[in-house]
Amino acid sequence: MNGRHRTVLRRWEWSNPTKSTHLEVLATEVPGSSRPPLLFVHELAHGAWCFKEHWLDAAADRGYSSYAVSLRGHGGSGGGQRLGRTLLRDYVHDVLQVISTLDTVPVVIGHSLGGLVVQRVLQRYPARAGVLLTPVPAGGIPHSIIDGMRRKPLAMVATLAGRTLRLSEEDLFAQLPPDEAARYVSRLGPESPWAQFAMMRPERLGPVTSPVLVVGAEEDSLIAGADVTRAAAALNAPLAWVPGGHDVMLDGHWEAVLDTVLDWVDRTCPPGSTPLPGSALMPPLKLQ
């Protein structure tokens with residue numbers, strides 16, 4: 001690897017590399033599209049299925065080839081037996097590995113914990129753009145932790161002890177029928193305790209060269225509005241507020257949220273526009 005790629009994996013990660021695993025990637029492709037592909041990264045305990053439900057096909061209808069990855073230990077990906085030892089950097093590696101298989105530089109879109117992963121990815125990879133949906137800011141989630149301790153103290157204490165945060169219908173949705181919300185919650189799985197700890201631990205990230213949009217949900221019960229605002233301020237990024245609860249890709253106004261995201265991508269990365277200098281160098285990279 002030459003000097004132009006040194007930020008992809010840092011020196012200590014070369015000496016202590018992440019072990020690759022099989023990754024589930026769900027896709028809806030648009031052959032011949034001049035628009036950049038979209039790569040979606042899911043939230044804590046979810047999987048690629050949460051974007052496949054509505055967004056992949058709807059984005060394809062607007063001309064975007066769309067991909068959603070299940071991070072290791074989630075959905076149909078491997079690594080479930082090692083989930084208890086999985087670090088956030090392993091998730092970053094998963095996203096970079098999927099990017100390396102794409103023919104064109106993507107727009108990377110992360111939801112909640114996936115938004116924290118995407119912030120780390122954007123430190124190393126000059127994506128066409130990034131979108132952070134109800135994100136966990138790199139600076140930690142102090143307001144969300146305080147709100148969570150008030151609403152569900154036992155669940156928060158269990159999370160601090162290393163158990164997967166138990167998410168309910170009320171945590172994730174504001175506008176779905178109860179049976180539909182319960183069906184989605186039944187698909188949630190376990191989460192890495194180390195990834196959960198990373199959500200709460202402030203970290204300092206360097207500058208991001210890719211344009212970024214931050215999206216907050218008006219009825220979000222998990223990530224406090226103040227933390228979403230901090231995420232946008234730290235990145236000097238525009239902030240758009242959309243209706244609905246935390247799981248914006250599944251809640252009742254999912255179409256309006258997707259339109260908000262894609263309208264911004266249309267303006268920021270118009271069809272046929274040139275990627276950022278150097279970004280076209282990344283897709284052929286094969287991570288071991």
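Every read-out reported here was derived from the displayed coordinates using simple, explicitly stated rules and does not represent laboratory data. From a predicted model like this one, the values you see are computed outputs, not experimental measurements. Note that we place each Cβ from the backbone using ideal geometry, even for glycine, and neighbour counts take in every protein chain shown.
Quick notes on this structure:
- Spin-label pair ASP103/LYS19, simplified geometry with 7 Å Cα→Cβ offset, distance in nm: 3.4 nm
- Nearest-0.05 FRET efficiency for ALA158 and GLU218, computed from C-beta distance (R0 45 Å): 0.95
- Rounded to whole numbers, the Karplus 3J(HN,Hα) couplings from phi for region 214-220 are 10, 10, x, 9, 5, 10, 5 Hz, using 6.51 cos²θ - 1.76 cosθ + 1.60 with θ = phi - 60°, and x at Gly and Pro.
- Among 136-149, 87-100, 255-268, the order from most to least packed when residues are scored by Cβ within 10 Å on average: 87-100, 136-149, 255-268
- Taking the Cα centre of the chain as origin and assigning +1 to Lys and Arg Cβ atoms and -1 to Asp and Glu Cβ atoms, the resulting dipole is close to 1640 debye.
- Compared with the direct C-alpha span, the chain from ARG82 to THR274 gains 65.1 nm at full extension, assuming 0.36 nm per residue.
- Efficiency of FRET from Cβ geometry, ASP266 and ILE146, R₀ 51 Å, rounded to 0.05: 0.85
- For region 187-193, Karplus couplings with θ = phi - 60° (6.51, -1.76, 1.60), whole Hz, Gly/Pro x: 8, 5, x, x, 10, 5, x
- Taken one residue at a time, the phi angles of region 162-179 give Karplus couplings (6.51, -1.76, 1.60, θ = phi - 60°) of x, 8, 5, 4, 7, 9, 10, 4, 5, 5, 9, 10, 10, 9, 9, x, x, 5 Hz. Gly and Pro are set to x.
- Projecting the Cα atoms of ALA232, MET149, ALA198 onto the dipole axis of region 3-276, where Lys and Arg carry +1 and Asp and Glu carry -1 at the beta carbon, places ALA198 farthest toward the positive end.
- Close amide H pairs (under 5 Å, H built 1.01 Å from N) link GLY139 with GLU203, residues at least 5 positions away or on another chain.
- With both labels modelled 7 Å from their Cα along Cα-to-Cβ, the ALA182 to ASP61 distance reads 2.9 nm.
- Gyration tensor verdict on region 198-238 (Cα atoms; rounded if a/c is under 1.5, prolate if a/b is larger than b/c, oblate otherwise): oblate
- Sites listed here are trypsin sites (Lys or Arg not before Pro) in region 146-253 whose DSSP assignment is loop and whose Cβ has at most 13 other Cβ atoms within 10 Å: ARG187, ARG204.
- Between the amide H of LEU102 and any residue lying 5 or more places away or on another chain, no distance stays under 5 Å, with hydrogens modeled in the peptide plane.
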